[in-house]
Structure formats: structure tokens, C-alpha cells
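Here the structure is laid out as C-alpha cells; the discussion comes afterwards.
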Amino acid sequence: MVRRPSLPMSGGCVCGRHRYTITVLPLTVYACHCADCQTQSGSAFGMSMPVARSGFRVTGAEDLGTHLRAAASGRTVAGRFCTTCGTRIFHEPSRNPPIVNVKPGTLDDTSWLEPMGHLWVDSAQRWVAPADGTLIYPGQPPAFDDLYRRFAAAMAARPPEPRAPSAGRMRGAPPAPGT
């Protein structure tokens, strides 16, 4: 079962130049298997975590790089990244300006992450098997309402759990001695 994250959440890029804070629960978490997300992530899929823009603050946003691209869905997406280390931190979908899609792997505490659904599974690597019970879409879903409802129900069923001091990761910190 999905663990409810503690608020505020924080995260940032690998080098630590850009840090962000999220003060609201995300709308959902999902994995996208389209070719663009595979290329952008350098992996079998990309993950996204839509968050209300009003609850998302990033330091040095004016210094973030922007990469505009047409997504497989046909919409324009602005990928925002650190120009020092190249970490993709969030996307700004042109179709839904009140939302930012945070790349959840950039969170300090990723222990609670579990995708509610998988998009573009017709493009998924053959060895990827989404967990039983997740929502599956062969391409772009017509709407994200089911993903939002699934996440809201999972969050309502669980009280927030305090973070253990060792549960998080701090990017940009010097390596521990002996590593």
C-alpha cells in the first residue's frame, strides 16, 4: 500500500544548485513509457508527479534551462532542468498551466513513490511489467481523472508517516568518508 508522504516535501538537482519545496499533496504519480520519456530519462520509462503550481517553489527558477518539445500526445511540454548538472526537475505542460509535473526521482525522500498508472504501455520495453492493480493505458489517457481519484483514495486511506532521518537523500552534499 502507498505510504502518504509528509509535507512539506523537498528535492532538487544532483549538484544541489536548485532545490524545491512542495507544500501540497501531489495529484498523482504515474509512469510514462512513451519513446520521448524513455529517451529523456535514459531508462525504460519516465515518472511524473503532477503538483499544483501554487504549492511548488524552486530556488533559482530564473536560472533553469528550458527544453521545448512536442510530446507524443501532440501537446507542447517545457522541460526545466539545471544547466550545471543537467538534471530534469519538472515539466510545464502548456495545456494545464496551474500544474507542474515534478520528476519524482528528484525528491529527497522517494521511499513512498508508487505509480498509480502506466501510460503509453504499447511503447513499453517488453521486460517491464506494471504492478497488478495499477491503471494501464495503451497511449495517452483522454483525461487524468481516474489517476487523480486513485491517488486521492490511496492518500485518504493512510495518515502521513514521519520521515526517518535516514529516509531522505540530499543531493549536492559531499560524499561520506570512505565512499
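Got a number for residues in the stretch 33-72 being among the polar types (S, T, N, Q) and crowded, with 17+ Cβ neighbours inside 10 Å?
3
Which pairs have Cβ atoms under 6 Å, sit 6 or more apart or on different chains, and link a residue in the stretch 45-71 that is at positive phi to one that is buried (at least 20 other Cβ atoms within 10 Å of the Cβ)?
Note: pairs meeting the criteria are G60/H18.
Among the residues of the stretch 39-80, write down those that are over 14 Å from the mean Cα position of the chain (by Cα), under 17 Å from Y137 (Cα atoms) and not aliphatic (A, V, I, L, M).
Scanning the stretch 39-80 gives S73, G74.
Of all residues in the stretch 125-135, count the ones that are surrounded by 15 or more Cβ atoms within 10 Å (Cβ to Cβ) and out of contact with any helix residue (DSSP H, G or I) (no Cβ under 9 Å at 6 or more places or on another chain).
Adding up the residues that qualify gives 0.
At pLDDT 90 or above and surrounded by fewer than 17 Cβ atoms within 10 Å (Cβ to Cβ): is that true of D122 in this structure?
For D122, the condition - at pLDDT 90 or above and surrounded by fewer than 17 Cβ atoms within 10 Å (Cβ to Cβ) - is met.
Quick check on my filter: what residues within the stretch 81-106 are more than 20 Å from L147 (Cα to Cα) and either under 17 Å from the mean Cα position of the chain (by Cα) or surrounded by 17 or more Cβ atoms within 10 Å (Cβ to Cβ) (or both)?
F81, C82, G86, T87, R88, I89, T106
Filter the stretch 136-149 down to residues that are among the aliphatic types (A, V, I, L, M) and touching a strand residue (DSSP E or B) at 6+ places or on another chain (Cβ under 7 Å) and give me whichever is surrounded by the fewest Cβ atoms within 10 Å (Cβ to Cβ).
I136
The values are calculated or read from the model by the stated rules, or taken from the named source; none is laboratory data. Remember, it's a predicted structure, so these values are computed and weren't measured experimentally. Heads up, the Cβs are rebuilt from the backbone with ideal geometry, glycines too, and the neighbour counts pull from every protein chain shown.
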